[in-house]
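One structure is given below, encoded as structure tokens.
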Amino acid sequence: MRSIVTGNVQGTQNFLRYGADVNVVCSYRLLRRAKVPIKPWSKLQTPLNVAANIGNDTLVLMLLDYGAKINGVHDQNWFFRKLTQPPIMDALLSGHLSTVRLLLEHGSDIQSSYIKAGQLVWYAVDTGQLKMLQLLKEFGADLGIARDGVYPLHKAAESREISTDIVRFLLDNGATFTDSDHGLGGFIMNVLDMGTIDTARLLLEHGEVFPQNKLYWAILCGSPDFILLLIEYGHKPDIEWLKEAIWSLRLDLLQLLVESIGFGLRDARGSTILHHAVERCRYKHFGRGTAYVTWGLTAPTSLLRRTEIIGPQTVSPPCTIQGNSKYTAEDVLRYLIQIGAEVNAADNEGRTPLDLARKYAPNVEQMLIDSGATSFSNDEKR
């Protein structure tokens, strides 16, 4: 094993000529104790696993010529008979494109009896290897098989580390999101939480629709670029969008929306956005903050170590903002006053923003008075 790990072709050939077992199975613990400089992907290792792991095509060919089993070896101990991991997995997880091609050309299984259907594709996506995906497709791999309930398309789209080019390749080669999503918008919602702007745009281009009844969540945590994307693809902002931005303390979105639709809209109660901004000031320590927790799509694995993204990825900004809102309710109210929102507008019950401030948010009453606000009940109070 050591001669293989160190790339010693002549030494390996000498061992094989003198009868070394080309299909010997070695525990990773034994390799570790022997201080063999390799990081195996699976518990049981054959010489071909090791050669594929390091991507030495010369050694891979030599081992195959001497009878190495390309799809793994059945290891028999006292209690169990277990198949070692097919070497193609080691090559793929380590990012050795030429080695994977070599193994496929020599008959390595791709998704049938020796390798669970969809496993190679899933790991190619998981490690961000577009060229590897293209190679697997060339040899007939099905790109639409779920692994432990996770589809390759979902894995790629619901990630901030994987290039949108991989999502595009999957869509262009038959992967669909409608079957598993059932038209409920769950897929695009997950992309909002975990994906990037370019990926969201690509899905919208392919017919995905962001659900109308989930717009509050987009306003709560979506970036301005994501909100603009929704507007571009048919969603029309209204007073409800402005209200959500106010209550979520999303001053950045409020500015964007005001530029788009103005600030003169009223809701069914006749309230303006200034009324809502005053009401928001009532809750000093309450908010729908924009704290974001990162999670991702994973699947059960027997690998000894975690997979990593291989090679540079071209990724756009995330769909969500990060962290909590840095603005206060007073900042929102102050902004609306500064841009000229009507401070003396009355709702259907005849209440002005100052009336609401005196009842619910006395801390901003002086701000309104300094801005010229009056109350229909001023004379009565005096």
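The values are calculated or read from the model by the stated rules, or taken from the named source; none is laboratory data. The structure displayed is predicted, hence computed values, not measured ones. Cβ atoms come from the backbone with ideal geometry, glycine included; neighbour counts cover every protein chain shown.
Quick notes on this one:
- Complete set of residues in the range 16-39 that are more than 41 Å from the chain's Cα centre (by Cα), within 25 Å of Lys82 (Cβ to Cβ) and in a helix (DSSP H, G or I): Leu16
- Criterion (touching a Gly at 6+ places or on another chain (Cβ under 8 Å) and closer than 25 Å to Phe187 by Cα) met by exactly one of Gln134, Gln129: Gln129
- When residues of the range 342-372 are limited to those that are buried (at least 21 other Cβ atoms within 10 Å of the Cβ) and of a type in the set (Gly, Ala, Ser), the one modelled with the highest pLDDT: Ala357
- Within the range 26-41, residues that are under 21 Å from Gly72 (Cα atoms) sit with their Cβ atoms under 6 Å from residues that are part of a loop (DSSP other than H, G, I, E, B) and of a type outside the set (A, V, I, L, M), at 6+ positions apart or across chains, in these pairs: Tyr28/Pro40; Tyr28/Lys43.
- Among the residues of the range 128-150, just one is farther than 18 Å from Ser108 by Cβ, assigned to a loop (DSSP other than H, G, I, E, B) and at pLDDT 95 or above, namely Gly128.
- When Gly207 is tested against (1) surrounded by fewer than 19 Cβ atoms within 10 Å (Cβ to Cβ); (2) at pLDDT 95 or above; (3) more than 25 Å from Ser325 (Cα to Cα), only condition (2) is not met.
- Here Leu333 fulfils each of the conditions (1) surrounded by 15 or more Cβ atoms within 10 Å (Cβ to Cβ); (2) closer than 30 Å to Glu158 by Cβ; (3) touching a Leu at 6+ places or on another chain (Cβ under 9 Å) apart from (2).
- In the range 151-168, the qualifying residues are those that are assigned to a helix (DSSP H, G or I) and under 8 Å from the mean Cα position of the chain (by Cα), and the one that is surrounded by the fewest Cβ atoms within 10 Å (Cβ to Cβ) is Lys155.
- Count of the range 226-247 residues, restricted to those that are in contact (Cβ under 8 Å) with a residue 60 or more places away in the chain and either in contact with an Asp or Glu (Cβ under 7 Å, 6 or more places away or on another chain) or closer than 17 Å to Leu192 by Cα (or both), is 1.
- Residues that are of a type outside the set (S, T, N, Q), under 23 Å from Gly262 (Cβ atoms) and assigned to a loop (DSSP other than H, G, I, E, B) within the range 307-357 comprise Tyr327, Ile339, Gly340, Ala341, Glu342, Val343, Ala345, Ala346, Asp347, Arg351, listed in sequence order.
- Residue identified as at pLDDT below 95 and either of a type outside the set (Gly, Ala, Ser) or more than 29 Å from Gly144 (Cα to Cα) (or both) among Leu184, Leu228: Leu184
- Residue selected from the range 30-57 under the condition modelled with pLDDT of 90 or more and either over 18 Å from Ile88 (Cβ atoms) or charged (D, E, K, R) (or both), by the criterion surrounded by the fewest Cβ atoms within 10 Å (Cβ to Cβ): Lys39
- When Arg334 is tested against the conditions (1) in contact with a helix residue (DSSP H, G or I) (Cβ under 6 Å, 6 or more places away or on another chain); (2) more than 30 Å from Met194 (Cβ to Cβ); (3) not aliphatic (A, V, I, L, M), the lone failure is (1).
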